[in-house]
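Let me begin by presenting the structure, written as structure tokens, before commenting on it.
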Amino acid sequence: MIGEVKRMAKLARIGITEEEATQFSTQLSNLLNWVEQLNEIDLSQVEWTVHPTGQEQVLREDVVRIENTVDDIMANAPDAKFNMFSVPKVVE
Amino acid sequence: MPNNSDLIYLTLQNALKGLINKDFTAQELVAAHIAQMDATHHLNAYITQMADHALNAAKDSDARIAKGETRPLEGIPIAMKDLFCTKGVRTTAGSKILENFIPPYESTIGQRLLDAGAITIGKTNLDEFAMGSSNITSAYGPTLSPWKTPANKHCLPGGSSGGSAAAVASFSAIAATGTDTGGSIRQPASFSGIVGIKPTYGRCSRYGIIAFASSLDQAGPLTRTVEDAAIMLQHMAGFDEHDSTSVNKPTPNYLDEIGGSVKGLKIGIPNECRMEGMRSDVLELWEKAAQILQDVGAIIKPISLPMLKYALPTYYIIAPAEASSNLARYDGVRFGQRVEGDSLDELYMKTREAGFGPEVKRRIIMGTHVLSSGFYDAYYVKAQKLRTHIIQNFQQTFTDIDLILTPSAPTPAFTFGEEPKDPVTMYMNDIYTVIANLAGLPGISIPFGLSKPEGLPLGMQLIAPAFEESLLLKVGQTLYTFAEKDPVQALREIV
């Protein structure tokens, strides 16, 4: 389970310590054992729930709206240049 | 003019009357609440206080009242859970990763309340990203409840809307907003001796509320009286074109139903909620609530909800799955905290390691696991199918009855250090509330009695069919009237 926790942490891009990996693996095992009880019932004929009260997708009119909040949005960026988000080099 | 310190004890309705009659000004009303916010600072109910902002807004309210342009919530000081984006005011979600996040816009619910004249006096503390039942996972420290144990130790207010509950219970706000994904309004309301409503999924817009589990999240009010909850909900509910899961249905006049007769209403008591090893005070109070409703003419019917035992495991698959997806956006690129790395991947890993607390990390990892290739069908698909089963179970049940009555939580509030350490045990707190989220149904928690021997609040929960919030308010008011001790008086005695 520790290996699985580390693999999931990597997939989710979260750095975790050895200690956390050990702790989470015990807790995750308990949780997964606990949810095992869902296997007791046959659900082969049941549909998924998409919206809990069965509402269908609402569409709005496709019209242009001008909401220019670029400055407010860029003000939250940890690092920005020329109105663009700046990150470490991705392409070699 | 009344003594300023008395202004904090007013109900929303009486505060409005007093403002309109010019018994006091909005500035006096807001100042009294700010003074109480300072006096109860040790509870850590607020992450961000907005005193200057609130006093300025109160000046505007007074000007409007003077001109006779009073809006429906004019000058009413409210607290906003720090999960609601507030334009120009820091919004943290209780997380370090959003420590410096200044939203460029206001949530729809926040905007509606502001447009109605309400004044936000502060952003309340919460479990990090609303993940918790005790308010101890906040990166800004735990919130304490004004309620104390016989050993004079502060209880925890419950969670995740724990700051909102503590603020309302300690009279620093007349009302507060909360969100409820598995019980996060109703459980803290129950722990704190106040009223909390989780409306039907889609009744209130989620736009501008930081998402935890989008198919379960729903916002609602926390107040000290049922009438005040009705008034708050009135100004929060309604379709929003910015949230396509909000439902385009007219909002009824919620106050109208309050005080109406409950005669002939059929109230279901689910057998499965009578848990083995249940606390006797909770059980007694639950039976008493049923008896009172019967005495005033309601019909009490035992019912069966065989799916109840599967509700929590279903929830703990769906909620982390949706959370792991929703929280992917906190990557240190566009907003929030960033920890630099040599590569983009390293930047992500380090940012999220430093920014998220352990409960959030655990849930993201759990969610990633249940959504990952090879496990998706076994967990996520199964849980969504079980959810259908649970919804059908409720639909079937509601053909025979009008409402369901259960306790709001299996225990009264616990103290810091005494909270359950094991996640599964902690999650059991939500056993009665989580069913309403899975089925999208509205629920209310009513302060109804006190635990034995500690004397801490215990709430009763009512669950109604979808969009029947009016029914909750009507029957909830009946229970409230017959509470063992007047809930507002009980709060005045502890604060």
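The values are calculated or read from the model by the stated rules, or taken from the named source; none is laboratory data. Keep in mind that this is a model prediction, so the values were computed, not measured. Cβ placement follows ideal geometry from the backbone for every residue including glycine, while neighbour counts extend to all protein chains displayed. Protein only, heavy atoms only, side chains kept; ligands, DNA and RNA dropped before computing areas. Shrake-Rupley method; radii C 1.70, N 1.55, O 1.52, S 1.80 Å.
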| said: Could you report the buried accessible area between B and A, both sides summed, computed with a 1.4 Å probe and given in Å² to the nearest 100? | reply: 5400 Å²
| remark: With a ≥ b ≥ c from the Cα gyration tensor eigenvalues, square-rooted, and the rule rounded for a/c under 1.5, otherwise prolate when a/b > b/c and oblate otherwise, chain A is oblate
| said: Taking 35 Å as R0, compute the FRET efficiency from the Cβ-Cβ separation of residue A:51 and residue B:6 and round it to 0.05. | reply: 0.15
| Per-residue [θ]222 nm for the protein assembly as shown (sum of -39500 (n - 2.57) over DSSP H runs n ≥ 4, rounded to 500) | -11500 deg cm²/dmol
| query | Among the DSSP beta bridges whose two residues both lie in region B:194-339, what percent are antiparallel, rounded to the nearest 5? | reply | 40 percent
| query | Per the Kirkwood treatment, what hydrodynamic radius in Å, one decimal, follows for the protein assembly as shown from the mean inverse distance over all distinct Cα pairs? | reply | 24.2 Å
| note | Under the 7 Å Cα-to-Cβ spin-label approximation, residue B:14 and residue B:329 lie apart by a distance in nanometres of 4.2 nm
| message | Out of the trypsin sites (Lys or Arg not before Pro) in region B:202-264, which ones are loop residues according to DSSP with at most 13 other C-beta atoms within 10 Å? | response | B:263
| Within chain A, which is the longest segment containing none of the chymotrypsin sites (Phe, Trp or Tyr not before Pro) that sit in a DSSP loop and have at most 16 other Cβ atoms within 10 Å? | A:1-47
| task | Take the alpha carbon atoms of region A:12-64, find their center, do the same for region B:435-495, and report the distance between the two centers in whole angstrom. | result | 30 Å
| What FRET efficiency do you get for residue A:18 and residue B:373 if R0 is 30 Å and r is their Cβ-Cβ distance, rounded to the nearest 0.05? | 0.70
| said: What whole-number distance in Å separates the alpha-carbon centres of region B:209-277 and region B:141-198? | reply: 18 Å
| remark: Taking Cα atoms only, helix A:18-35 is inclined relative to the longest principal axis of chain A by an angle, in degrees rounded to 10, of 60 degrees
| Only Lys, Arg (+1) and Asp, Glu (-1) charged, at Cβ; chain B dipole about Cα centre in debye | 320 debye
| query | Hey, if you put +1 on the Cβ of every Lys and Arg and -1 on every Asp and Glu Cβ in region B:171-310, which of B:225, B:286, B:242 ends up farthest toward the positive end of that dipole? | reply | B:286
| query | Dipole size in debye (nearest 20) for region B:333-404 around its Cα centre, Lys and Arg Cβ +1, Asp and Glu Cβ -1? | reply | 20 debye
| request: Show which lysines lie in cross-link reach of residue B:148 when reach means a straight Cα distance below 19 angstrom and same-chain residues fewer than eight apart are skipped. | output: B:452, B:485
| Amide N proximity, region B:17-42 versus residue B:253 label position 7 Å along Cα-to-Cβ, cut-off under 12 Å | none
| If the cut-off is a Cα-Cα distance under 18 Å, which lysines reach residue A:10, setting aside same-chain residues fewer than 8 apart in sequence? | B:350, B:361
| So for chain B: antiparallel DSSP bridges make up what percent, rounded to the nearest 5? | 70 percent
| request: Only counting protein heavy atoms at a 1.4 Å probe, give the residues of region B:189-225, ordered by number, whose accessible area falls by 30 Å² or more when the other protein chains are present relative to the chain alone. | output: B:201
| task | First measure r as the distance between the Cβ atoms of residue A:81 and residue B:294, then evaluate 1/(1 + (r/R0)^6) with R0 = 56 Å and state the FRET efficiency to the nearest 0.05. | result | 0.20
| said: Take residue B:354 and residue B:69, extend 7 Å from each Cα along the Cα→Cβ direction, and tell me the distance between the two endpoints in nm. | reply: 4.8 nm
| task | Calculate the radius of gyration of the Cα atoms of region B:256-381 to one decimal place, then report Dmax, the largest Cα-Cα distance, as a whole number, both in Å. | result | 23.4, 71
| Roughly how big is the protein assembly as shown's charge dipole about its Cα centre, with Cβ charges of +1 (Lys, Arg) and -1 (Asp, Glu), in debye to the nearest 20? | 220 debye
| Paramagnetic reach from residue B:486 in region B:6-45 [backbone N under 16 Å; point 7 Å along Cα→Cβ] | B:6-15
| note | Farthest towards the positive end of the dipole of region B:297-408, among B:315, B:395, B:343 and with Cβ unit charges of +1 on Lys and Arg and -1 on Asp and Glu, lies the Cα of B:395
